[in-house]
Amino acid sequence: MAIEVELKLAVSPRDLRDARRLLWLKNLTNGPVSRKNIISVYFDTSKFKLRNNGLTLRIRNGDHKRLQTIKSIKNCSNGVLGRDEWEVEIAGDEPDLKLAKDTPFAPLLTPKLKKSLRPVFETHVRRITVPVYFGSSNIKIAFDRGYIKTDAREEQISEIELELKKGDRADLARLSERIAKSIPTAYGALSKSERGYALSASADTQPAFAEEITLTPTVSAGDAFSLIGLSCLHHMAANENAARNGHSEGVHQMRVGLRRLRATISVFKNVVQSADAESVNSGLKWLTERLGPARDFDVLVKESVGPLREANPDHPEIALLEADLAERRLSSFENASAAVAGERYRTVVFETALWLLNGDWSRNADLTRERDQPVTVFARDALAKRKKKIIRKIGKVARLDARQRHKVRIAVKKLRYATDYFRSLFAEAKAKKARKRFDKTLKSLQDALGKLNDISVHERLARQYIHPSKQVRNKPEKAYAMGFLSAGEKNISRVCLTSAANAGAKLSQLQPFWR
């Protein structure tokens, strides 16, 4: 089994050619340059059972031989940016499943699955591979030009892949940065297999969801941070097409990935304190502010005003309000799309990827102890401290104002994310059962606080309709409708406060699953 550590750069076909001609890059070459035409055929069932279980199966035709490759597309436990891979030469064009018995594929090898496997897409790539020596590391650079093809659709491939063969991942990051300064590049969020699956499902603008994170106790806190952070960045950036096309769930999932990433930085703050962290946080905050209004108006229209109008057809004021909010929702999605399509977004994502791999935090001698400690030790301490902080605040939730409750909600959300990040470290049966109880209680608490926050946002919007300086068409009718909505939510607010207090009390009684 080999572990890949790689970084992908998305470029235009013209810039791909220019990259090959960079004199400084040619001077780094330390071995023969190879040129190959590679055809890779990916196999799965019609319902994508392999993909849904975190696996890919492909047969690659090149160099006059056929290689069968099985990859685990979940985050691997002993790499920072990579995938677990099992590769073997075979004789034909069909998968040889007898050779998959010692891989994660084995539990899926039922007669039904064997009969259901079929080609779902293929990639045709002209690859130029250049081995280079940079810093103190051997790195393989692949310049890929070609296309992905299904029965009905086709999509262009133009990208540069950098794979660390031996050495320090910091060199991989620095080489990527130097290439980006020489030609226009973007962070390549999606692998060829992910793009192929989206194309085969005719779902290139559909949302992407978070992948499972797997850690082992021997991983350091610093490497765990990189792994988790890059997983969150991938979740966020993989929704770029959906967000640019105004897909509401795509915007939501991009925001979830963004929140998870910012939560990761917060959870690991003692590990990643560095001079360049402020710049990264500033960029992520900018993106959060661009995506936030779209989600707020989407929730308000779909979950509150729409149902209210359906339940009260004799109140035309609510229909007027809904139409007004729908326009503001559309405008917010257009703003979010423009932000994701812009240069600053590409810069934020690329710089964040490099920082996660090679930020000042990874070299700061003052952070060596925190960075090198086993992640299990770090996780126990982080989870205990965050639980204690929430319990201290939640007991007086009824006396907190909206801003204070919002802070508690964010703290709860960060603890839920941390629980998810570290779940594989506490996987024995007893701990697993305790973690499920813990997560269920946290979810109840987060749901109650989340609804209270939604109500607070609605109250703030309602004030815009009655503010003397605001010029709004049919202002009295819309103000009445918002008041009607707010009045109904006051009862919900009381119920949520009780639910939050009860969930907080239960949380304080639960035994830690991380012992």
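Here are the numbers:
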quantity: Per-residue Cβ neighbour rank within 10 angstrom, fewest leading, Arg329, Arg463; calculated: Arg463, Arg329
quantity: Span from the the range 410-461 Cα centroid across to the the range 135-197 one, whole angstrom; calculated: 36 Å
quantity: Assigned charges on the beta-carbon of Lys, Arg, Asp, Glu; the chain dipole about Cα centre (debye); calculated: 1660 debye
quantity: Cβ-derived FRET efficiency at R0 30 Å, Asn53 paired with Leu330, nearest 0.05; calculated: 0.20
quantity: Diffusion coefficient, µm² s⁻¹, Stokes-Einstein with Kirkwood Rh over alpha-carbon pairs of the range 2-204 at 4 °C and 1.567 mPa s; calculated: 72 µm²/s
quantity: Mean Kyte hydropathy of -1.0 or more with a Cα span along the axis of at least 15 Å, helices from DSSP in the chain; calculated: 169-182, 221-237, 248-267, 277-299, 316-341, 343-358, 375-394, 429-466, 475-509
quantity: Within-13-Å neighbourhood charge of Arg363 [Cβ basis; K, R +1; D, E -1]; calculated: -3
quantity: Within-10-Å neighbourhood charge of Arg35 [Cβ basis; K, R +1; D, E -1]; calculated: +3
quantity: Calculated FRET efficiency for the pair Glu459/Ile391, C-beta based, R₀ 22 Å, to 0.05; calculated: 0.20
quantity: Local electrostatic count at Ile139 - Lys and Arg +1, Asp and Glu -1, tallied over other residues with Cβ under 11 Å; calculated: 0
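Every number here is computed from the coordinates shown, using simple stated rules; none is lab data. Please read these numbers as outputs of a predicted model, since none were measured by experiment. Because the Cβ atoms are built from the backbone with ideal geometry, glycine has one as well, and the counts that use them run over all protein chains shown.
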